[in-house]
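FYI, it's all coordinate maths here, none of it is from the lab. Remember, predicted model here, so these are calculated numbers, not experimental data. When we count neighbours, we look across all protein chains shown, and the Cβ atoms used for this are built from the backbone with ideal geometry, even at glycine.
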Amino acid sequence: MSNLAMTLDEKLKHWDSTTCQQVEHLVSEIIELADCDALDLMRSRIVEQEVLDLLDDAPTQTR
């Protein structure tokens, strides 16, 4: 087992159930993208979320 897999296994034993579910979901998505040779799509989604976060934080202008 790789160091990464061992670390993940250990962390999953200590995190609360909500965090574990979120991590498991994200790791499952990464595995699926890797199997489809489509990891570059994940980067696009991360950038898209960063832009959405910036828009949410931007002050609104009123006229």
* Filter result (loosely packed, with under 10 Cβ neighbours inside 10 Å and out of contact with any helix residue (DSSP H, G or I) (no Cβ under 9 Å at 6 or more places or on another chain)) within the range 26-42 -> ASP35, CYS36, ASP37
* Within the range 11-24, how many residues are of a type outside the set (A, V, I, L, M, F, W, C) and surrounded by 10 or more Cβ atoms within 10 Å (Cβ to Cβ)? -> 5
